[in-house]
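The values are calculated or read from the model by the stated rules, or taken from the named source; none is laboratory data. Note that the structure is a prediction, hence the values are computed from the model and not measured. All Cβ positions, glycine included, derive from the backbone under ideal geometry; neighbour counts span all protein chains shown. Accessible surface areas use protein heavy atoms only, side chains included; no ligands, DNA or RNA. Shrake-Rupley method; radii C 1.70, N 1.55, O 1.52, S 1.80 Å.
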Amino acid sequence: MARTVTGVVSRQPGQAAELTEIVIPDPGPRDVIVTIEACGVCHTDLAYREGKINDDYPFLLGHEAAGRVAEVGSQVSHVAVGDFVVLNWRAVCGECRACKKGLAQYCFNTFNASAPMTLTDGTVLTAALGIGAFCEQTLVHELQCTKVNPDTRPEVAGLLGCGVMAGLGAVLNTADVRRGESVAVIGLGGVGCAAVAGAVLAGATRIIAIDIDAKKLRAAADLGATDLIDSKGLSRDEIVSKVQELTGGFGADVVIDAVGIPATFETAFYARDLAGRVVLVGVPAPSAELKLPLLDVFSHGGAIKSSWYGDCLPERDFGYLIDLYRQGRLPLDRFVTGTTTLAGADQAMSDLHDGEVLRTVVVVS
């Protein structure tokens, strides 16, 4: 039987999202209803609200979430009622050309729920990243649920659903940072600070954190950055020179661009050592364009990579990272810099403009 719950919906670009009633249909054969316990406030939700993703309004916002399975469809075998799960937006299909090539982290046919959620008047909602978790309950495909240790704080576990996983994975999966390498991270929001934490896990010996905000630089230092560069007012070449000074005159083995604008990517490109790797994990605006001398691309060698969701496989990575957290080796608690309620979700998204927090988490139940 369909159920009515409360959720945060964005109806028009640039307008405040509202707390309203939504209707969840009966789960299809492989669908799952999850009771949301906590959901991180991510820049992607802000982008949906501001019309920077697409215009498939209205949106049910929220996607970086953890909760417990409340109801399952007739053919669900992956999870059971009562399981504690982190929601993910890459539910690997196993059948697309990426999966068949052994590159499941690029799955082109990820699963979503078989039917949409709606407003009470029947208006179809677009769930953010196929999840829609700023709500009391949501409907997803069973493979969008990844079971993790049930004794983990929901506020922490949900972070792996997007931003923190993106930063950790950019270092551990995409860049494949090795022991003894140097890593520079440009942009120290939640994703960039997670990249710093990932560099520590990987055994990098020099971890250079770069940002214009002193608070963010301190946060990166707390997470293990060995060197800090306040880039406010500095040119690209001045930043590059500082990175080279810290790395024997050569540049970093890996540079992570966690911002995703042409200026930061150019800095990342030139701040790496010859044959180094540059990884773009910050999501660029659709209109952003990059111009680089082709000879520089050739002569620097190495690799230029983009990192989608940290190139993660939820079933492989989430439980492993939760184990590290529970062992005290991955300080996920430090990313939770505030909490709010569903009613405060819209203000928390607006606060992202100010860059004052790593993650505000909506605590639902």
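Both radii were evaluated on the Cα set of the chain; the Rg over Rh quotient, with Rh as the Kirkwood radius, amounts to 0.98. Neighbours of residue 154, meaning other residues whose beta-carbon lies under 10 angstrom from its beta-carbon, give a summed charge of 0 when Lys and Arg score +1 and Asp and Glu score -1. Residues considered: 136, 37, 95. Largest GNM mean-square fluctuation over the chain, using C-alpha springs under 10 Å, is found at 95. Over the residues of the chain, the helix contribution to mean residue ellipticity at 222 nm works out to -7000 deg cm²/dmol, using -39500 (n - 2.57) for each DSSP H run of at least 4. Considering only 244, 105, 347, the Gaussian network model of the chain with Cα springs below 10 Å gives its largest mean-square fluctuation to 347. Remark: region 237-340 carries 51 Å² of accessible area per residue (probe radius 1.4 Å; ligands, DNA and RNA excluded). Can you tell me how region 134-197 classifies by the Cα gyration tensor, rounded, prolate or oblate, using a/c under 1.5 as the rounded cut? Because a/c hits 1.5 or more and a/b exceeds b/c, region 134-197 counts as prolate. Between the Cα long axis of helix 314-326 and the first principal axis of the chain there is an angle of about 70°, rounded to the nearest 10. Using the Cα gyration tensor of region 196-309, with a ≥ b ≥ c the square roots of its eigenvalues, what is the shape: rounded (a/c below 1.5), prolate (a/b larger than b/c) or oblate (neither)? Rounded, since a/c falls under 1.5. Only beta bridges with both residues in the chain are counted; by DSSP, about 55 percent of them are antiparallel. Structure note, pairs 52/291; 216/305; 52/101; 100/216; 101/291; 52/216: Cα-Cα distances above 29 angstrom occur for 52/101; 100/216; 101/291. To put it simply, the accessible area of the chain at a 1.4 Å probe is 51 percent carbon and sulfur.
Of the residues 141, 63, 43, the one that moves most in a GNM of the chain with alpha-carbon contacts below 10 Å is 43. Given axes a ≥ b ≥ c from the Cα gyration tensor, I'd like to know whether region 323-365 is rounded (a/c under 1.5), prolate (a/b larger than b/c) or oblate. Oblate, because a/c is 1.5 or more while a/b does not exceed b/c. The local environment of residue 61, defined by Cβ-Cβ distances under 14 Å, has a net charge of -4 under the rule Lys, Arg +1 and Asp, Glu -1.
For residue 309, what is the net charge nearby, where nearby means another residue's Cβ is under 14 Å from its Cβ and Lys, Arg count +1, Asp, Glu -1? Once positives and negatives cancel, what remains is -1. For the set 147, 216, 242, 291, the ranking by accessible area, highest first and with no ligand, DNA or RNA atoms included, is 291, 147, 242, 216 under a 1.4 Å probe. Under the criterion of Cα pairs below 8 Å and six or more residues apart, the relative contact order for region 1-154 equals 31 percent.
Note the angle between two axes, namely the Cα long axis of helix 190-202 and the longest principal axis of the Cα atoms of the chain, as a number of degrees from 0 to 90, rounded to the nearest 10. Around 70 degrees separate the two axes.
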